Amino acid sequence: MQNLNILADNELVDLIRSGDQKAFTEVYNRYWRVIYAHVFKMLRDEEEAKDIIQELFSNIWLKADKIPQHQNFAGYLYTSARYKVLNAIRHNKHKDVYLNELIKFSSDVSEDTLMYLDEKDLLMAIEREIKALPPRMRQVFEMSRKENLTYKQIAERLGTSDQTVKKQISKSLSFIRNNLKESGGSAILLLIFTR
């Protein structure tokens, strides 16, 4: 019996193409944790990340003949996973973390108004408020919500403390929430009709 854990990725892929389930299991065991961590870091959603990993490895088994030959297999997995994450976001399977938080804060806008808004319009309103933030506050906010960095990571990049970052995020959310609340439904409707 062949010791699969010493085989190179390309050799395992060749075996998978011929229907070898043990080779598939070896590839899965070799990569699922690291690819899951990569996907989870982008999505911050455990269930969504699990779904993407399941789909990714299912496709490896079902469509092994479509895996490019002589390519870095780990790179292929990372690229495929990234594509699936972007595709999931594009098809609204996953909402941006910052969008969900800001929607919660805009709860003072009437339910009737929100029913007429689609996600694109709300995103436009929120993006305008983000752009209106002071430069440093905006930078910290976008690093947190768009790059999914922790307070500690942001503090290290900017040479400041975790507490300063936390305060900046809190002030940003308060600023955005208050501006959305003050403008109310009529301002958001105005955004819709003036684009």
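Computed quantities for the displayed model
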| item | result |
| --- | --- |
| Using a Förster distance of 22 Å, the FRET efficiency for Arg44-Gln71 (Cβ separation, nearest 0.05) | 0.15 |
| Label point distance in nm, Leu62-Arg82, each placed 7 Å from Cα along Cα→Cβ | 2.5 |
| Listed pairs Lys50/Lys146; Lys41/Lys84; Lys84/Lys152; Lys50/Lys84 exceeding 19 Å between Cα atoms | Lys50/Lys146; Lys84/Lys152 |
| Residue-by-residue Karplus 3J(HN,Hα) for region 37-42, coefficients 6.51, -1.76, 1.60, Hz, glycine and proline x | 4, 4, 5, 4, 4, 6 |
| Ranked packing of 38-44, 147-153, most packed first, by mean Cβ within 10 Å | 38-44, 147-153 |
| Fraction in percent of alpha-carbon pairs per bin - 5 Å, region 4-90 | 3, 15, 28, 25, 16, 10, 4, 0 |
| Point-charge dipole on Cβ atoms (K/R +1, D/E -1) for region 4-90, about Cα centre, debye to 20 | 220 |
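Laboratory data are not the source of any read-out in this text; all were calculated from the coordinates shown. Computed from a predicted model, the values in this text were never measured in an experiment. Because the Cβ atoms are built from the backbone with ideal geometry, glycine has one as well, and the counts that use them run over all protein chains shown.
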